[in-house]
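Quick notes on the structure that follows.
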């Protein structure tokens, strides 16, 4: 489990994280979202003991990272895929990490195979693509078979097959009962990967929610298609609903839930062809929630 309690981090006059609190429990993937400069990477670095908090605490399984006796067995992380020695082979890189935590060569081979690098284990990292380095970083994170995992932008440089693979990997790790925290700017990918989201801006928590709860909060109405669309629209408005015609002949209905629309259509003997609740995408919800937290904005962006 990851616990962040009233965490504050300053770099001189700059307030990077401001009294941030959240908990990530085992068994699900938590998406860590926010604009550039929101404090995501600083928070992860503090959890991993790379930055000292100005105040508050960031704990792994109830302890600070620096208190963990064999940290790779409790927490694994991928923060920067480029932070490797290009002259080493993939195997040697992992062996260096493994020896300080009592991990044998067999486990090194296992994680290289799991991330798809078994065939290039003896090649120097300097010749690896960014996607291959990301896979090597995942292997390093998994090396000690930890129960807590943190990934910062893990799909950078991956092709579509690699993105799908890492999505499936993170979900399988959570299904095994591990704690998984992942940051990303790819909202469409987070919508497919994360079970819950933590959205921060200017170092503060804006929202913590499940994907389902977020969809319900930003519901845009119900898309309805019927043979007698004009008659149905009249009946819906009489019932107090907001009805907006769609370009393709459908009706976007607000103010009435799908079951109530279905019952109304039945009373009026109108056959329904489609009844689909429509919600904002994760990207649309995210942009609305973080609109006031964006430091750098291109011309033409709505405020």
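Mark the label point 7 Å from the Cα of residue 68 along Cα→Cβ and return the residues of region 182-223 whose backbone N is within less than 19 Å of it.
182-183
Which value at 222 nm does the chain reach when only helices count, each DSSP H run of 4 or more adding -39,500 (n - 2.57), with the total divided by all residues and rounded to the nearest 500 deg cm²/dmol?
Details: 10 runs with 99 residues, N = 303.
Using -39500 (n - 2.57) per qualifying helix, the result is -9500 deg cm²/dmol.
Name the residue, out of 64, 133, 178, whose mean-square fluctuation peaks in a Gaussian network model built on the chain with Cα pairs under 10 Å.
64
Mind giving me the nanometre distance, one decimal, between the label points for residue 124 and residue 195, set 7 Å out from Cα along Cα→Cβ?
4.4
Please build a GNM for the chain, connecting alpha carbons under 10 Å apart, and tell me which residue among 260, 77, 30 fluctuates the most.
Among 260, 77, 30, the largest mean-square fluctuation in the Gaussian network model of the chain belongs to 260.
Taking a label point 7 Å from the Cα of residue 244 along the Cα→Cβ vector, which residues of region 212-230 have an amide N closer than 15 Å to it?
218-224
Arranged by the count of other C-beta atoms within 10 angstrom, fewest first, what order do 187, 44 take?
Numbers: 187 19, 44 23.
Going from sparsest to densest Cβ surroundings: 187, 44.
(i) 74, 47, 39; (ii) 50, 48, 35; (iii) 76, 50, 45: which one is Cα extents along the principal axes in Å as calculated from this entry?
Evaluating Cα extents along the principal axes in Å on these atoms matches (i).
Name the most mobile residue of 94, 15, 287, meaning the one with the largest mean-square fluctuation, in a Gaussian network model of the chain with Cα contacts below 10 Å.
Per the Cα network of the chain with a 10 Å cutoff, 15 tops the list.
Which of the three applies to region 74-154, rounded, prolate or oblate, going by the alpha-carbon gyration tensor with a ≥ b ≥ c and a/c under 1.5 meaning rounded?
oblate
Residues of region 129-143 with backbone nitrogen within less than 19 Å of a virtual label 7 Å along the Cα-to-Cβ line of residue 161, please, listed as ranges.
Only 129-139 pass the distance filter.
Computed from the coordinates by the stated procedures, all read-outs in this text should not be read as laboratory data. What you see is a predicted model; the values in this text were computed from it and never measured. Every residue, glycine as well, gets a Cβ built from its backbone with ideal geometry; the counts of neighbours run over all protein chains shown.
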